[in-house]
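Structure first, then comments.
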Amino acid sequence: MLSSERRFARFGACAGLDTLAILSKVTATWSGAGEGEQLWFLGTLAIVRVAGEASDGRFAPIEFLFPRNASPPLHTHPQDESYIVQEGRLTLQAGEQRFELVAGAVAVVPMGVAHTFRVDSENARVLVLSTPAGLERLVREGSVRATGPTLPPSEIPRPSPERLEELFRAHGQVNVGPPLLPDD
């Protein structure tokens, strides 16, 4: 075996072909229902279900609870972003496409595609998969630790516009347009 962080091992032959497996220092991990790092991020609840460090930076699932009409600016970033709607309803715009997503729906936005969404129900619970990891770091840096699994109280401070721009720039997010308004 090689002595690098990732080692390769051959496992038997299948129809004359060798099978190559990748062995890594990363181990299996999980989080139970309601578990994870709970953060209040820009008027939402973000729960980092599995930190990117646990997947060697390959991905990070983040569960969000969004209020009605929550909508980030139209933006791009250097991660694919998958949306798995668990509860509620939202409109997702990605490039020239627009999708109406309800509980059980899944949408994938490739890195670099300008996108935004709007919550059309009272609340929406959405599992967002960042591939590779990275969005969870932006969320952490712009958040306040949540004291419970709810939307933040209105008095919870948010980063200043200047601080937000600094965070976005540091994490490769480029805002290219406005959020979706309720009547868009």
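Values quoted throughout were computed directly from the atomic coordinates according to the rules given, and no laboratory measurement underlies them. Since the structure is predicted, the reported quantities are computational estimates derived from the model, not experimental observations. A quick note on method: Cβ atoms are made from the backbone with ideal geometry, for glycine too, and the neighbour counts reach across all protein chains shown.
Set the Förster radius R0 to 22 Å, insert the Cβ-Cβ distance between residue 184 and residue 108 as r into 1/(1 + (r/R0)^6), and round the FRET efficiency to 0.05. After rounding to 0.05, the efficiency reads 0.50. Computed log10 I(q)/I(0) for the chain at 0.10, 0.12, 0.19 Å⁻¹: -0.46, -0.62, -1.35, from the Debye equation with unit scatterers placed on every C-alpha and solvent omitted.
Centroid-to-centroid, using Cα positions, segment 33-67 and segment 76-111 are 17 Å apart. Projecting label points 7 angstrom from Cα along Cα→Cβ for residue 99 and residue 155 puts them 4.0 nm apart. The mean sequence separation of alpha-carbon pairs under 8 Å and at least six residues apart, normalised by the residue count of segment 74-116, gives a relative contact order of 53 percent.
Summing Lys and Arg as +1 and Asp and Glu as -1 over all other residues whose Cβ lies under 15 Å from the Cβ of residue 122 gives a net charge of +2. If you sort the three axes of the alpha carbon gyration tensor as a ≥ b ≥ c, you get a/c under 1.5 for segment 100-184, which makes it rounded.
Roughly how tilted is helix 161-170, in degrees to the nearest 10 and between 0 and 90, from the longest Cα axis of the chain? It is inclined by approximately 20 degrees.
Here the relative contact order of the chain, from alpha carbon pairs under 8 Å that lie six or more residues apart, stands at 26 percent.
From helices alone, the chain scores -2500 deg cm²/dmol at 222 nm; the rule is -39500 (n - 2.57) for each run of n ≥ 4 DSSP H residues, then divide by the residue total.
Near the amide H of residue 124, within less than 5 Å, lie the amide hydrogens of 66, all on another chain or at least 5 residues away, with H placed in the peptide plane. Extending 7 Å from Cα along the Cβ direction at residue 42 and again at residue 141 yields two label points whose distance is 1.4 nm.
Between amide H atoms placed 1.01 Å from N, distances below 5 Å from residue 112 occur with 77, 79, all of them 5 or more places distant or on a separate chain.
Around residue 159, with a cut-off of 11 angstrom between Cβ atoms, what is the net charge of the other residues, counting Lys and Arg +1 and Asp and Glu -1? Residues near residue 159 contribute -2 overall. Given R0 = 22 Å, the distance between the Cβ atoms of residue 121 and residue 163 translates into a calculated FRET efficiency of 0.15.
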